[in-house]
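None of the figures in this text is laboratory data; all of them are computed from the coordinates on show. All values reported here derive from a predicted model rather than from experimental measurement. Note: ideal-geometry Cβ built from the backbone for every residue, glycine included; neighbour counts use all protein chains shown.
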Amino acid sequence: MVEIAPSILSADFTRLGEQIAAVEQAGASYIHVDVMDGHFVPNLTLGPFIVEWVRRATNLPIDTHLMIEDPDKFIGAFAKAGANLISVHPEATYHLHRTVHFIRDAGCQAGVVLNPATPLAMIEDVLADVNYVLLMSVNPGFGGQKFISASLDKLRRLRELIRQRNPQVRIEIDGGIGVETAGDVVAAGAEILVAGSAIFGQPDPGQAVQALIRAASVPIRGGAVA
Ligand code: DX5
Ligand code: ZN
């Protein structure tokens, strides 16, 4: 089943609780929280404090995407704040296997993230230890960027690698996902779709979630972005 993870990066923070309630009611499966430190990516966002407020606003699992250097320092704080899933970039930590186990020991599902230029080989040897792989289909740092179409081929290769190494691992995709791209990424193997501007950039975020669910359920094979 395809699941939607709205990214609050594009939400109206003056009405955060209301916007989270709208996407939850519309059928979203997670709330995606983008944590940026101004070093690993050229933007600054939020910390555990906001995750605590998101926790109070929803019962959905909180999917925390750490775009920060040395994530080991903060895993405990995010888990304590209410994160349920935590993902890290392999370039941001010296010992990815240890970091993944820190996440699991903190009681969260562990994910590893691939940037557009990061080869699959970077995460191959931890596939036995993770719950999901997050494939970036834009360079991380900002919402509203254009989907990189080479991500479709990478998704297919990731799907095959996971089939061989650990079929339990789920595939999440993040960046430039909207009604035009949803069908193609699902056809290529994505199971969890992150979307920021395509949901919170719309006048009615609840309706936007439903439109995305519909688009994701009707894959346009070899269609719009292939
Ligand atoms: C980008 C973030 C994304 C971002 C996606 O670094 O990881 O989660 O919110 O935004 P859209 O869906 O607008 O591309
Ligand atoms: Zn993200």
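Assorted remarks:
Conditions tested, residue by residue: (1) surrounded by fewer than 19 Cβ atoms within 10 Å (Cβ to Cβ); (2) more than 12 Å from V54 (Cα to Cα); (3) within 13 Å of ligand 2 (Cβ to nearest atom); (4) of a type in the set (A, V, I, L, M).
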{"residue": "M1", "(1), (2), (3), (4)": "yes, yes, no, yes"}
{"residue": "I8", "(1), (2), (3), (4)": "no, no, yes, yes"}
{"residue": "E18", "(1), (2), (3), (4)": "yes, no, no, no"}
{"residue": "V23", "(1), (2), (3), (4)": "no, yes, no, yes"}
{"residue": "G27", "(1), (2), (3), (4)": "yes, yes, no, no"}
{"residue": "I31", "(1), (2), (3), (4)": "no, no, yes, yes"}
{"residue": "D34", "(1), (2), (3), (4)": "no, yes, yes, no"}
{"residue": "D37", "(1), (2), (3), (4)": "yes, yes, no, no"}
{"residue": "P42", "(1), (2), (3), (4)": "yes, yes, no, no"}
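- A187 being under 21 Å from E3 (Cα atoms), within 16 Å of ligand 1 (Cβ to nearest atom) and crowded, with 16+ Cβ neighbours inside 10 Å: no
- Helices (runs of 4 or more DSSP H) fully within segment 89-181 counting 1 or more residues that are under 20 Å from P71 (Cα atoms) and among the polar types (S, T, N, Q): 96-105
- In segment 11-43, the residues that are within 14 Å of ligand 1 (Cβ to nearest atom) and closer than 19 Å to A211 by Cα: A11, Q19, V23, A28, Y30, I31, H32
- Filter result (away from ligand 2 (no atom under 16 Å from the Cβ) and in contact (Cβ under 8 Å) with a residue 12 or more places away in the chain) within segment 57-73: A57, T58, N59, E69, D70, D72
- Against the list (1) of a type in the set (A, V, I, L, M, F, W, C); (2) surrounded by 20 or more Cβ atoms within 10 Å (Cβ to Cβ); (3) within 15 Å of ligand 2 (Cβ to nearest atom), the condition L46 fails is (2).
- Residue that is nearest to ligand 1 (Cβ to nearest atom) [pool: residues in segment 190-211 that are over 18 Å from the mean Cα position of the chain (by Cα) and assigned to a loop (DSSP other than H, G, I, E, B)]: Q202
- Every listed requirement among (1) over 16 Å from the mean Cα position of the chain (by Cα); (2) crowded, with 18+ Cβ neighbours inside 10 Å; (3) polar (S, T, N, Q) is met by S149 save one, (2).
- Selection from segment 76-95 of residues that are surrounded by fewer than 22 Cβ atoms within 10 Å (Cβ to Cβ) and out of contact with any Asp or Glu (no Cβ under 8 Å at 6 or more places or on another chain): G76, A77, A79, K80, P90, E91, Y94, H95
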